[in-house]
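*Asks:* Attaching a single structure in structure tokens format; questions to follow.
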Amino acid sequence: MTHALMKFAIDDGSTNVKVSWIENGTLKTVVSPNSFRKDWKSAALLRGQKVFNYTIGTTKYTYDATSDKALSTTHIEYQYDDLNLLSVHHALLQTGMTPCPIKIIVTLPITEYYNPDDCQRNDAKIEAKRQNLMREISLNKGELFQIAEVEVMPESLPAALSHLLNSNCNEFTKSLVIDCGGTTLDMGIIVGEFDDVSAIYGNNEIGVSMVTDAARKALAAADSDSSYLVANELIKRRHDMEFVRSVVNDESRIAQILERIEIKISELGDQVAYEAKKFAKNPNRVYLVGGGASLIEKAIREAYPTLGDKVMLIDNPQSALSREICLYHADDAAAEVAEPVMLEVGEDA
């Protein structure tokens, strides 16, 4: 009798990979930042520090959280390349689980998953994503999970599943889901409690990367670390002046850097709100998900002023998609889980 493969739901976004799984009746989630460069790192100076040196084909890569040589993942080709394969395997290791054969359920942006002209599945791209994650990869002085099966789902829409099922909406309710990620903006209109998806929209030129790029340039001008990871952390913690001072070397430029970030956040919000109103003029409710959800919340509330508290920022919006996919694919017994647990990267699972 063969044992069922352990399942991991993975929202493998361009900036962070979100992994959710059920362990002993608890839904667990880790968020693993993407920051890889070519070549290997030498052994860590301090005991207990792990070095992650990978090989794909003949190319060597390493995880380097603060390198300004980190390879860009904020482009749509990331979904099918070495960096995506690296990011998924690296994130799986952050779960703390013992490597074993597994099934993974991953995601593709709506613009890639569906053909824009007829809203039908783009089987060629779905298969390209699946095959990319089935490729060989090795970890120097370490063991990786063996990916035995890959299933691909569309981004964004499943992230609101639990909220819709518990919302007492009727068959005429139209819910707009807005997923603002690192590289892409995905939107969809769901009818009723997921009775139907009436329309989808995707734009792979609008995302948090426009804020990240501005932050990186501003940090570089202040003689500071301008890696993607540090820039994204600065955006997230921009109101924490102690943190801001710790990453900006030229403190005389702090006000200028923060102003630049706020301007770009405002521009991002305006662009998303414009696209949303063009796509869905009068939805009954709006759900905000994705890593950029909190950045655009104000602009979306202003765009739909009559909805009030029916514009909802989903809890932990960055990892909402992986959590919902995990519950959707769980066995009935496993789905009866306790309160979800968010694990810090590096924390024992």
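The values are calculated or read from the model by the stated rules, or taken from the named source; none is laboratory data. Everything numeric in this text was worked out from a predicted model, so none of it was measured. Methodologically, a virtual Cβ is constructed for each residue, glycine included, from the backbone with ideal geometry; neighbour enumeration extends over all protein chains shown. Note: accessible area is taken over every heavy atom of the protein model, side chains too, but ligands, DNA and RNA are not part of it. Shrake-Rupley method; radii C 1.70, N 1.55, O 1.52, S 1.80 Å.
*Asks:* Looking at the chain, do any whole DSSP H helices span at least 15 angstrom along their long axis by alpha carbon and average -1.0 or above on Kyte-Doolittle, and which?
*Replies:* Membrane-span-like by this rule: 82-93, 209-221, 254-279.
*Asks:* Now for a separate question. Treating the beta-carbon of each Lys and Arg as +1 and of each Asp and Glu as -1, no other charges, what is the dipole magnitude of the stretch 138-218 about its Cα centre, to the nearest 20 debye?
*Replies:* Result for the stretch 138-218 is approximately 500 debye, rounded to the nearest 20.
*Asks:* Right, another one. Provide the per-residue ³J(HN,Hα) series for the stretch 180-192, in order, calculated from phi with Karplus coefficients 6.51, -1.76, 1.60 and θ = phi - 60°, each as a whole number of Hz, with x at glycine and proline positions.
*Replies:* Values, residue by residue: 9, x, x, 10, 10, 10, 10, 9, x, 10, 9, 9, x Hz.
*Asks:* Let me ask you something else. For Ser294, tell me the accessible area in Å² from a 1.4 Å probe, rounded to the nearest 10.
*Replies:* Number for this one is 70 Å².
*Asks:* Just in the stretch 1-104: which trypsin sites (Lys or Arg not before Pro) are loop by DSSP and have at most 16 other Cβ atoms within 10 Å?
*Replies:* Passing both the DSSP loop test and the Cβ count: Lys41, Arg47, Lys50, Lys69.
*Asks:* Next question. Determine the sum of side-chain charges near Asp39: Lys and Arg each +1, Asp and Glu each -1, restricted to other residues whose C-beta is under 11 angstrom from that of Asp39.
*Replies:* Value of the local net charge: +4.
*Asks:* Here is a follow-up. Please report the carbon-and-sulfur percent of the accessible area for the stretch 113-159; probe 1.4 Å, protein heavy atoms only, DNA, RNA and ligands left out.
*Replies:* Accessible surface attributable to carbon and sulfur in the stretch 113-159 totals 46 percent.
*Asks:* OK, next. Any of Lys236/Lys298; Lys278/Lys298; Lys125/Lys236; Lys60/Lys141; Lys7/Lys236; Lys28/Lys103 with alpha carbons more than 21 Å apart? Name them for me.
*Replies:* Lys125/Lys236; Lys7/Lys236
*Asks:* Continuing with the same structure: Loop only by DSSP, 16 or fewer other Cβ within 10 Å of the Cβ. Give me the chymotrypsin sites (Phe, Trp or Tyr not before Pro) in the stretch 150-227 that pass, ordered by residue number.
*Replies:* Passing both the DSSP loop test and the Cβ count: Phe172, Phe194.
*Asks:* I'd like to check one number: the per residue accessible area of the stretch 248-290, probe 1.4 Å, reported in Å² as a whole number.
*Replies:* 52 Å²
*Asks:* Okay, next question. With the full set of protein chains in place, find how many percent of the accessible area of the stretch 188-272 is carbon and sulfur; take the probe as 1.4 Å.
*Replies:* Ligands and nucleic acids excluded, carbon and sulfur give 44 percent.
*Asks:* While we're looking at this one, here's another question. In Å², what does the accessible area per residue of the stretch 98-216 work out to with a 1.4 Å probe?
*Replies:* For the stretch 98-216, the solvent-accessible area averages 43 Å² per residue.
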